[in-house]
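Enquirer: The structure follows.
The values are calculated or read from the model by the stated rules, or taken from the named source; none is laboratory data. The structure displayed is predicted, hence computed values, not measured ones. Here the Cβ positions follow ideal geometry from the backbone for every residue, glycine too, while neighbour counts run over all protein chains shown. These area figures cover heavy atoms from the full protein model, side chains too; ligands, DNA and RNA do not enter into them. Shrake-Rupley method; radii C 1.70, N 1.55, O 1.52, S 1.80 Å.
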Amino acid sequence: MTQEQWGQLQKDLLATVGQNSFSNWIEPLKFARIENGVATFHVPTSFMGNYVSQNFGELILHKLKAVVDNVRRVHFQVSANLSARAAPQARGAEPAVSAKPAAAINDDMPGAPLDSRFTFDTFVVGKPNELAHAAARRVAEGGPVSFNPLFLYGGVGLGKTHLMHAIAHELQTKRPDLNVVYLSAEQFMYRFVQALRDRKMMDFKHMFRAVDVLMVDDVQFIAGKDSTQEEFFHTFNALVDGNKQIIISADRAPGEIKDLEDRIKSRLQCGLVVDLHPTDYELRLGILQSKVDQYRLQYPGLVMADGVLEFLSHRISTNVRVLEGALTRLFAFASLVGREITLELTQDCLADVLRASERKITVEEIQRKVADHYNIRLSDMIGPKRVRSYARPRQVAMYLCKQLTSRSLPEIGRRFGGRDHTTVMHGVRRIEELRVQDGQIDEDVEMLRRTLEA
Ligand code: ADP
Ligand code: MG
């Protein structure tokens, strides 16, 4: 059968099944070939393949027989190329994950790729994270659902994503029969929006309802996004009712997520809520030691002086991601210049990181200082009013937050009354421009920076 004949046949099918079913189920089919009496079509998901096979298989076969001889059977094959377009890269502070195909979890499931480094083996347990770790371990056993959902929360870089991936990896080995799906709340939203746009909501719902273990990372992202929240709520309820395990992470406790519907908050609190505390010295040292063990394999022959790890654990107390980044850079640098990693080399190589973690200027501090300077109230700076007398100081404060803290644009936006990251970006750019054009602004900003850094 030629593609043209298939096109003709599709028209015929459209007349039979109606526009709705046609766009949902028939149109996405791609005719591949007919071989040994078997007509093969590519489908984006196996759910879809099953559905079409059960509901339209006979019909399609019947119509095919009228066009080609000797067709006995139709077969629907999942084709990776047809699967839903990849969701855009998250814009948050997440590092790019190593590309293990999403298919690694389950062929057609709507999950995101897993980072192969994020396993329980590489997760260092200490006081601040022992409860979260224990809860994650329990869920990863894949036994009967004991608490639903498991809600993990904590600041940036404390290991939430690592733990979730670890659960997924573990379940893949222990319970390969389960459909385990991991994705960020942002990806959930993209999927949802895409399904709406492509009029594939049936597919979307079925896909998510067919999951056995659902993990949604950074759920605070859907706050304020009403229709996404709504859909998330339905998915959540359907899975809980089906006694399926749900694991959620967020940067704060359920009750503290602004613009999240109350019914969702209370649902999220129903299971086990555990937080990851900021790291302490021992945990940081432990993490560094385990990383060094890994690096030793990568850079054999590198020598590290005593006290370097202790120094770093002491000095870099922000988040684990920064700590890791520092170590990576240190090893790369030392191997490039072929020198032993001494305290001195460490201080040279990481001068900026060390300085940054030294001052630890907070967003709140910046907001207060800037509000004082411009003589406006803090609530007006953070509030919704857009008049110039508030908007300009607000932009100055955003600019300084970007310059002086390690906060990402979305995080900064959140602390400015839940503004969008694009608003923050715009504000930062505006001040950059003004610093060139307007001597007064430049002076103000410079003065504020100096007092903040003092
Ligand atoms: P979050 O999702 O909470 O922002 P991540 O899970 O992405 O944080 O962790 C940031 C980085 O720090 C990752 O590279 C992760 O492997 C590492 N990390 C965090 N906590 C630990 C830990 N306890 N042991 C080992 N590595 C950790
Ligand atoms: Mg994360």
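Enquirer: Test Ala371 against the stated conditions and say whether it is touching a Pro at 6+ places or on another chain (Cβ under 8 Å) and among the small types (Gly, Ala, Ser).
Expert: Working: touching a Pro at 6+ places or on another chain (Cβ under 8 Å): yes; among the small types (Gly, Ala, Ser): yes.
Yes; evaluated as a whole, the condition is true for this residue.
Enquirer: Taking Arg394 and the conditions (1) surrounded by 19 or more Cβ atoms within 10 Å (Cβ to Cβ); (2) part of a loop (DSSP other than H, G, I, E, B), which numbered condition does it fall short on, given that it satisfies the others?
Expert: (2)
Enquirer: Something else: Any chance region 384-398 includes a residue that's among the polar types (S, T, N, Q), at pLDDT 95 or above and farther than 27 Å from Asp306 by Cβ?
Expert: Yes.
Enquirer: If you don't mind, there's one more thing I want to ask. Before we move on, is Leu260 surrounded by 15 or more Cβ atoms within 10 Å (Cβ to Cβ) and over 25 Å from the mean Cα position of the chain (by Cα)?
Expert: The answer is no for Leu260.
Enquirer: May I pose another question? Name the single residue, out of those in region 216-231 being open to solvent by less than 10 Å² (accessible area, probe 1.4 Å) and modelled with pLDDT of 95 or more, that is farthest from Cys270 (Cα to Cα).
Expert: Asp217
Enquirer: Here is a follow-up. Is it fair to say Leu131 is open to solvent by 20 Å² or more (accessible area, probe 1.4 Å), modelled with pLDDT under 85 and more than 21 Å from the chain's Cα centre (by Cα)?
Expert: Against the criterion (open to solvent by 20 Å² or more (accessible area, probe 1.4 Å), modelled with pLDDT under 85 and more than 21 Å from the chain's Cα centre (by Cα)), Leu131 does not qualify.
Listed here are the residues, each with its yes/no results for (1) over 20 Å from the mean Cα position of the chain (by Cα); (2) within 16 Å of ligand 1 (Cβ to nearest atom).
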position: Leu163; (1), (2): no, yes
position: Arg191; (1), (2): no, no
position: His206; (1), (2): yes, no
position: Asp212; (1), (2): no, no
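Enquirer: Quick check on region 319-335. Is at least one of its residues open to solvent by 70 Å² or more (accessible area, probe 1.4 Å) and not charged (D, E, K, R)?
Expert: Yes, region 319-335 has at least one match.
Enquirer: Tally time: how many residues in region 158-183 are open to solvent by less than 10 Å² (accessible area, probe 1.4 Å) and either outside any helix (DSSP H, G or I) or within 12 Å of ligand 2 (Cβ to nearest atom) (or both)?
Expert: If we filter region 158-183 for residues that are open to solvent by less than 10 Å² (accessible area, probe 1.4 Å), which is where we start, we get 163-168, 171, 180-181, 183.
Remaining after also requiring either outside any helix (DSSP H, G or I) or within 12 Å of ligand 2 (Cβ to nearest atom) (or both): 163-165, 180-181, 183.
Within region 158-183, residues that are open to solvent by less than 10 Å² (accessible area, probe 1.4 Å) and either outside any helix (DSSP H, G or I) or within 12 Å of ligand 2 (Cβ to nearest atom) (or both) number 6.
Enquirer: From (1) free of Cβ contacts under 8 Å to residues at least 60 places away in the same chain; (2) within 13 Å of ligand 1 (Cβ to nearest atom); (3) under 22 Å from Pro44 (Cβ atoms), pick out the condition that doesn't hold for Leu114.
Expert: Of (1) free of Cβ contacts under 8 Å to residues at least 60 places away in the same chain; (2) within 13 Å of ligand 1 (Cβ to nearest atom); (3) under 22 Å from Pro44 (Cβ atoms), only one is false for Leu114: (1).
Enquirer: Taking into account only those residues within region 131-157 that are among the aliphatic types (A, V, I, L, M) and part of a strand (DSSP E or B), which is farthest from ligand 2 (Cβ to nearest atom)?
Expert: Filtering region 131-157 down to residues among the aliphatic types (A, V, I, L, M) leaves 131-132, 134-136, 139-140, 145, 150, 152, 156.
Narrowing the set further to residues that are part of a strand (DSSP E or B) leaves 150, 152.
Details: Leu150: 15, Leu152: 10 Å.
For region 131-157, the residue satisfying everything is Leu150.
Enquirer: So which pairs qualify, if the first residue must be in region 258-270 and free of Cβ contacts under 8 Å to residues at least 40 places away in the same chain, the second must be exposed (fewer than 13 other Cβ atoms within 10 Å of the Cβ) and not β-branched (Val, Ile, Thr), the Cβ gap must be under 6 Å, and the two must be at least 6 apart or on different chains?
Expert: Lys265/Gly255
Enquirer: Go through (1) open to solvent by less than 70 Å² (accessible area, probe 1.4 Å); (2) in contact with a helix residue (DSSP H, G or I) (Cβ under 8 Å, 6 or more places away or on another chain); (3) under 25 Å from Arg429 (Cβ atoms) and name the single condition Thr362 misses.
Expert: Exception for Thr362: condition (2).
Enquirer: Looking only at region 303-318, count how many residues are of a type in the set (A, V, I, L, M) and surrounded by fewer than 16 Cβ atoms within 10 Å (Cβ to Cβ).
Expert: Adding up the residues that qualify gives 2.
Enquirer: Say whether the condition of being out of contact with any Phe, Trp or Tyr (no Cβ under 6 Å at 6 or more places or on another chain), at positive phi and not in a helix (DSSP H, G or I) is met by at least one residue in region 222-233.
Expert: Yes, the conditions are met somewhere in region 222-233.
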